[in-house]
Amino acid sequence: MHPCPAHTHALHSTVTETPVITTTGLTKVYRSRGREVTALDGVDLHVREGEVYGVIGQSGAGKSSLIRCVNLLERPTAGTVTVAGQDLTALAGRGPRAGKELRQARSRIGMVFQHFNLLSTRTVQDNVELPLEILGKSGKERSRKALELLDLVGLTDKAKSYPAQLSGGQKQRVGIARALAGDPKVLLSDEATSALDPETTRSILHLLRDLNRQLGLTVLLITHEMDVVKTVCDSAALMENGRIVESGTVTELLATPGSELAAALFPVSGEASGDDRTVLDVTFHGDAATRPVISQLSRTYNIDISILGAAMDTVAGRQVGRMRIELPGRYEDNVVPIGFLREQGLQIDIQGHAPALVKEGAK
Amino acid sequence: MTWSEMQPLLEQACWDTLYMVGWSTVIAVVGGLPLGILLVLTDRGGLLQNTVLNKVIGQVVNIARSMPFIILMVALMGFTRSITGTTIGREAAIVPLAIGAIPFFARLVETAVREVDGGLVEAVQSMGGNTWTVVRKVLVPESLPSLISSTTTTIVALIGYSAMAGTVGAGGLGDIAIRYGYQRFETELMWITVGVLAVVISLIQFVGDYAARGLYRRGGQSGAAPRLRLLRSRAAVNSGSEASDDTDSADTSSEAPKAEVGKVA
């Protein structure tokens, strides 16, 4: 858990309600030697303009298939993909080859990769110029744009270097500069930080965040690291076995009782110190997070509150988090204080009571 | 046989060999490069997946490669005559040499191009590049060091084949070694010829390696010269296999050694 002061000072992202990436009933079935493997099972994804959307899940959950289906590097078996108002699945045609229209649409979607995928025989600048070559831009225009982008990612001095001479983080910066060459509205990030160390990961994520704010770039990223979601995402979705199990803005998820994603983002632990104790998980989000409710509770009801564990953070510029507290007495004795907390707009999960049921229901 | 007798003989033979091998190499590269690339593209999971075409090309290449060169030369006589107007001499030898070398080179190209990281192809596709762009901007440049090594191997193999071209009166170093050295018991001349061949082959190998290594040093990642390959084989295997299928797993280990070796190289 690390607070990210850079966020709080930077511009807020300008998320609008316009959907930029929409998938409906996206299904991908791989067939090999008569066996069928369902990688995506009816995925509905809604990414709004200007947000950083994180899809998290374990290996094999279908995240890679999902992001590859968004620009149709993988042909979905069923379902539709709409990016910036354009139905890509309709452009795809029937054959396995991408037609001209699909290729044009792809050039307006940037993509960064886990293993950077830079051409080793080209310099950094030439790598960034590659998409512009494909777009048929003139030499002068290409080098102007490439240098501008390298400046944006902070690699002006490496323009003439070869990828092999760069560190992992620098390579990913080149990858990002290259992805931005076609002035995309959307950036797809396929585990862009998974091959990087934590420090470099943070700097790359901050770069993505800054680009999101400066350029109004919509970012769809997939990752298996909760920290990535926590650091940059406005919204997140949890994938399991080719399905999206939970999704929403980070604040919404936090407000959802029994949300697995919220529990993973803000893990709290701690056992009751005795039998006659009530353990509560208090979730702070929205306005309630700014009020000193715990001390109010203590004063109003004259009870001693111990904090067993807490996970607070700044998500999307707001103070959010969860806290596990212990009140003296059994649940029955604490109905009134709990009612007070609920009145304050806080979400309360009572450990050993309702939450277990809710959690099973959510699954 | 005195040196003054041998010298013009060897000189002529050298030129004959270079002439035959030179032209047939050019033709083999022009013909074999697209064929090798096509073998990769039409393969299962390739950009132009076409199993039937792939099998057909593969079989033709196999049959052509399994033919002993001397048989190929005889079998192609009619074809040779239709192109060069004769079945005798240097020009006539170029035709079977080139045709024998095309499938040989094509297989080498196929191996070299297959080594290119699939992620790079994906990257270019994601930028909106078509198959031709992928070939031009990724497959060929990224496998260039390997392609140069393959060309070197092909030239050396062609020098070997060209020894048999003597049977159609094409001359060349191999022909001298057989006709004068072996059949007329001019042992001295035979050894000299073998020596000259050794020097020529070493020279070609050296130049080829130097060129491939020079490119490798510049680029430093895929398509390495064989000697350097060993050092970084693990990293290459890691990134290659992961790019091809689900890229979910994290792989922090492969990056560090890659960069290291790149710098050393």
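If the condition is being crowded, with 24+ Cβ neighbours inside 10 Å and within 7 Å of chain B (Cβ to nearest Cβ), then segment A:164-208 contributes A:D190, A:E191, A:A195. Residues that are more than 22 Å from A:E148 (Cα to Cα) and assigned to a loop (DSSP other than H, G, I, E, B) within segment A:168-191 comprise just one, A:E191.
Matching residues to (1) assigned to a strand (DSSP E or B); (2) in contact (Cβ under 8 Å) with a residue 24 or more places away in the chain; (3) acidic (D, E); (4) not assigned by TED's automatic domain parsing to the domain that holds A:F113:
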| position | (1), (2), (3), (4) |
| --- | --- |
| A:V219 | yes, yes, no, no |
| A:I222 | yes, yes, no, no |
| A:A236 | yes, yes, no, no |
| A:M239 | yes, yes, no, no |
| A:G248 | yes, no, no, no |
| A:S273 | no, yes, no, yes |
| A:T283 | yes, yes, no, yes |
| A:S295 | no, no, no, yes |
| A:I307 | yes, no, no, yes |
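Of all the numbered requirements in (1) surrounded by 23 or more Cβ atoms within 10 Å (Cβ to Cβ); (2) more than 9 Å from chain B (Cβ to nearest Cβ), A:H115 misses one, and that requirement is (2).
The set of residues in segment B:180-206 that are in a helix (DSSP H, G or I), free of Cβ contacts under 8 Å to residues at least 12 places away in the same chain, among the hydrophobic types (A, V, I, L, M, F, W, C) and more than 16 Å from B:T17 (Cα to Cα) comprises B:W191, B:F206. Summed over segment B:120-156, the residues that are more than 14 Å from chain A (Cβ to nearest Cβ), without any contact (Cβ under 8 Å) to a residue 60 or more places away in the chain and buried (at least 20 other Cβ atoms within 10 Å of the Cβ) give a count of 1. The numbered conditions (1) surrounded by 24 or more Cβ atoms within 10 Å (Cβ to Cβ); (2) within 14 Å of chain A (Cβ to nearest Cβ); (3) in contact with a Phe, Trp or Tyr (Cβ under 9 Å, 6 or more places away or on another chain); (4) not hydroxyl-bearing (S, T, Y) are all true for B:P96 except (2). Filtered by the rule that a residue be among the acidic types (D, E) and within 30 Å of B:V113 (Cα to Cα), segment B:167-221 gives a lone residue, B:D209. Which of the residues belonging to segment B:120-132 are assigned to a helix (DSSP H, G or I) and under 15 Å from B:G46 (Cβ atoms)? B:L120, B:V121, B:E122, B:V124, B:Q125, B:T131, B:W132 - these are the residues of segment B:120-132 that are assigned to a helix (DSSP H, G or I) and under 15 Å from B:G46 (Cβ atoms).
Is it the case, given these coordinates, that A:T256 is modelled with pLDDT of 90 or more and either within 14 Å of the chain's Cα centre (by Cα) or not basic (K, R) (or both)? When the stated conditions are applied, A:T256 does not pass them. Does B:G171 satisfy the condition of being buried (at least 22 other Cβ atoms within 10 Å of the Cβ) and either away from chain A (no Cβ under 14 Å) or of a type outside the set (S, T, N, Q) (or both)? Considered against the rule, which asks whether it is buried (at least 22 other Cβ atoms within 10 Å of the Cβ) and either away from chain A (no Cβ under 14 Å) or of a type outside the set (S, T, N, Q) (or both), B:G171 comes out as yes. Residues that are in contact with a helix residue (DSSP H, G or I) (Cβ under 7 Å, 6 or more places away or on another chain) and under 20 Å from A:V112 (Cα atoms) were ranked within segment A:58-81; the one that is farthest from the other protein chains (Cβ to nearest Cβ) is A:V81. Among the numbered conditions (1) assigned to a helix (DSSP H, G or I); (2) farther than 29 Å from A:G60 by Cβ, the only one that A:K160 does not meet is (1).
Return yes when B:G174 is touching a residue at least 40 places away in the same chain (Cβ under 8 Å), assigned to a helix (DSSP H, G or I) and not hydroxyl-bearing (S, T, Y) and no when it is not. The answer is yes for B:G174.
Among the residues of segment A:116-130, those that are within 28 Å of the chain's Cα centre (by Cα) and within 19 Å of B:P145 (Cα to Cα) comprise A:N117, A:L118, A:L119, A:N127. Taking each residue of segment B:69-82 that is of a type outside the set (D, E, K, R) and outside any helix (DSSP H, G or I) and looking for partners that are modelled with pLDDT of 85 or more and surrounded by 13 or more Cβ atoms within 10 Å (Cβ to Cβ) with beta-carbon atoms closer than 9 Å, six or more apart or interchain, yields B:L76/B:V95; B:L76/B:P96; B:L76/B:I99; B:L76/B:G100.
The conditions of being over 23 Å from B:V135 (Cβ atoms) and surrounded by 13 or more Cβ atoms within 10 Å (Cβ to Cβ) are not met by B:I57. For segment A:192-217, the tally of residues that are over 21 Å from A:L147 (Cα atoms) and small (G, A, S) stands at 3.
The C-beta contact set for segment B:1-13 (first residue closer than 20 Å to B:A165 by Cα, second residue of a type in the set (S, T, Y), distance under 8 angstrom, 6+ apart or interchain) comprises B:L9/B:Y180; B:L10/B:T193; B:A13/B:T193.
The values are calculated or read from the model by the stated rules, or taken from the named source; none is laboratory data. Since we're looking at a predicted model, the values are computed, not measured. Here the Cβ is made from the backbone with ideal geometry for all residues, glycine too, and neighbour counts use every protein chain on show.
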